[in-house]
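First comes the structure, then the notes that go with it.
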Amino acid sequence: MGVFKESNVTIGQVATAAGVSKTTISRYLNGKFDYMSKETRHRIQSVIEEMNYHPSNIARSLKSQNSRAIGCVIADISSPFSSILLKGINDICNASGYQVLFSNIDNQPDKELKSVQELLNNRVDGLIINTTGQNDDVLTELSGRGIPIVLADRCIAEKNVLDTVTTENYHVTYSCIRHLYEEGFQKVAFFTQGNRRISPRVIRYEAYLNAMKEIFQLDGSRTFYRFEENDTGDCASQLTRFTEQFPEERLAVFCVNGVTMLNVLHAMQQHGFLITERFGICGFDDWGWASLIPPGITTITQDSYAVGVQAAKIMLKRIQAKKKAAPVYIELPNRLCIRGSTDLQAAKKFML
């Protein structure tokens with residue numbers, strides 16, 4: 001059985017169980033609480049939950065009605081990547097006369113489920129989801145029931161099941177690690193705030209492990225460092241572990257994403273770690289400041305705005321289509337931008 005169960009319960013049955021009229025239930029469902037006591041509202045809510053009542057069959061309502069609203073679930077709106085992604089989605093939807101209702105879930109799978117249900121209850125015409133990667137079965141089930149779903153940036157474990165727009169993560173990560181080898185770095189650490197099942201992070205780590213094995217002839221799992229989210233002190237402790245383990249070698253840190261990069265840079269600044277010929281840093285996301293921090297930070301640039309644009313275009317196409325089409329899986333290209341933090345010659349040019 002799926003999480004979102006079909007229900008044959010009618011609005012009349014809910015009204016009878018709650019001891020109110022169908023009109024009162026309808027007003028409650030539409031958020032019209034004027035002249036409705038808190039006790040009545042709580043009683044209606046309890047009955048709805050106990051009877052597993054949904055205002056209507058979700059899939060049928062999506063087919064028969066057009067709210068001109070798109071639901072958007074964002075994993076972490078505090079990340080610049082996510083806010084730019086949302087802007088791409090919003091720009092395309094608004095230009096086509098669609099409103100975007102978005103929900104931030106703080107990378108929590110339970111919040112993802114709750115947000116999906118709430119958006120569907122608001123009669124959105126489809127869902128664009130930046131998923132936690134821990135609700136694959138539910139999303140697949142909803143898609144199978146006729147609900148248009150497009151995944152943005154993060155895919156589920158089984159590709160080609162849901163429409164997906166992401167960026168190319170594996171080869172560009174591999175290329176970045178090879179660049180570090182060619183620049184003479186001897187050990188490369190992988191820093192993250194936790195990969196969990198978040199597909200881009202998992203893919204990047206896989207590429208890192210393979211590059212370390214095939215290029216450096218080393219076991220990359222031994223230089224994997226996870227620090228507590230937004231904990232600069234813990235991040236500094238992990239940096240200290242890494243540098244003290246290899247005191248005589250040229251070291252580099254690869255950051256899994258831009259949020260991790262910012263945490264590592266803050267930790268370096270606060271605890272006296274410097275970018276030098278012996279210590280380099282690089283990683284994902286170029287949000288404009290990377291080229292300004294001396295001597296310039298080597299980054300992998302990904303166009304999150306374009307991901308949002310493509311995801312929205314696919315969604316609108318699915319809503320307007322009369323027949324369900326096979327899912328598409330799109331990977332947009334990423335680009336390695338080499339700067340002074342991993343390239344001595346580039347560092348010298350920066351200083352000129």
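The values are calculated or read from the model by the stated rules, or taken from the named source; none is laboratory data. Since we're looking at a predicted model, the values are computed, not measured. FYI the Cβ positions are ideal-geometry reconstructions off the backbone, even for glycines, and counts take in every protein chain you see. The area values use the complete protein model at the heavy-atom level, side chains included, leaving out ligands, DNA and RNA. Shrake-Rupley method; radii C 1.70, N 1.55, O 1.52, S 1.80 Å.
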Hits in the stretch 305-335 - residues which are more than 17 Å from CYS155 (Cβ to Cβ), aliphatic (A, V, I, L, M) and surrounded by fewer than 16 Cβ atoms within 10 Å (Cβ to Cβ)
ALA321, ALA325
Kindly state which strands (runs of 3 or more DSSP E) lie completely within the stretch 116-215 and contain at least 2 residues that are touching a residue at least 12 places away in the same chain (Cβ under 8 Å), aromatic (Phe, Trp, Tyr) and within 20 Å of PHE242 (Cα to Cα).
187-192
Restricting the stretch 1-28 to residues that are within 22 Å of SER115 (Cβ to Cβ) and charged (D, E, K, R), the one modelled with the highest pLDDT turns out to be LYS5
From ALA290, ALA207, residue being at pLDDT below 95, among the aliphatic types (A, V, I, L, M), under 29 Å from ASP106 (Cα atoms) and under 22 Å from the mean Cα position of the chain (by Cα)
ALA290
All but one of (1) surrounded by fewer than 22 Cβ atoms within 10 Å (Cβ to Cβ); (2) of a type outside the set (Lys, Arg); (3) modelled with pLDDT of 90 or more hold for PHE350, so report the exception by its number.
(3)
Which of (1) in contact with a Lys or Arg (Cβ under 6 Å, 6 or more places away or on another chain); (2) open to solvent by 10 Å² or more (accessible area, probe 1.4 Å) is the odd one out, the single condition ILE105 does not satisfy?
(2)
Can you tell which of GLY31, GLY71 is modelled with pLDDT under 90 and either open to solvent by less than 50 Å² (accessible area, probe 1.4 Å) or within 30 Å of the chain's Cα centre (by Cα) (or both)?
GLY31
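Which members of the stretch 277-317 meet the condition of being of a type in the set (S, T, N, Q), without any contact (Cβ under 8 Å) to a residue 60 or more places away in the chain and under 18 Å from ILE330 (Cβ atoms)?
Step one: filter the stretch 277-317 for residues of a type in the set (S, T, N, Q), giving 291, 298-299, 301-302, 304, 310.
Okay, now just the ones that are also without any contact (Cβ under 8 Å) to a residue 60 or more places away in the chain, so 291, 299, 301.
Scanning the stretch 277-317 gives a single hit, THR301.
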In this structure, does GLU228 turn out to be open to solvent by 10 Å² or more (accessible area, probe 1.4 Å), in a loop (DSSP other than H, G, I, E, B) and either farther than 21 Å from GLU183 by Cα or among the small types (Gly, Ala, Ser) (or both)?
yes
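Quick check on my filter: what residues within the stretch 246-277 are surrounded by 15 or more Cβ atoms within 10 Å (Cβ to Cβ) and more than 24 Å from ASP153 (Cβ to Cβ)? Walk me through it before giving the result.
From the stretch 246-277, those surrounded by 15 or more Cβ atoms within 10 Å (Cβ to Cβ) are 250-265, 267-268, 273, 275; that's our starting set.
Across the stretch 246-277, the qualifying residues are ARG250, LEU251, ALA252, ALA267, MET268, PHE273, ILE275.
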For the stretch 74-93: of the residues being modelled with pLDDT of 95 or more and not hydrophobic (A, V, I, L, M, F, W, C), which is most open to solvent (accessible area, probe 1.4 Å)?
LYS87
Here is a list of conditions, (1) touching a residue at least 12 places away in the same chain (Cβ under 8 Å); (2) touching a helix residue (DSSP H, G or I) at 6+ places or on another chain (Cβ under 8 Å); (3) surrounded by fewer than 21 Cβ atoms within 10 Å (Cβ to Cβ); (4) assigned to a helix (DSSP H, G or I), and THR243 meets all of them except one; can you say which number that is?
(2)
Failed item, numbered, when GLU112 is tested on (1) in contact (Cβ under 8 Å) with a residue 40 or more places away in the chain; (2) open to solvent by less than 30 Å² (accessible area, probe 1.4 Å)
(1)
Does any residue of the stretch 163-173 turn out to be out of contact with any Pro (no Cβ under 9 Å at 6 or more places or on another chain) and open to solvent by 10 Å² or more (accessible area, probe 1.4 Å)?
yes
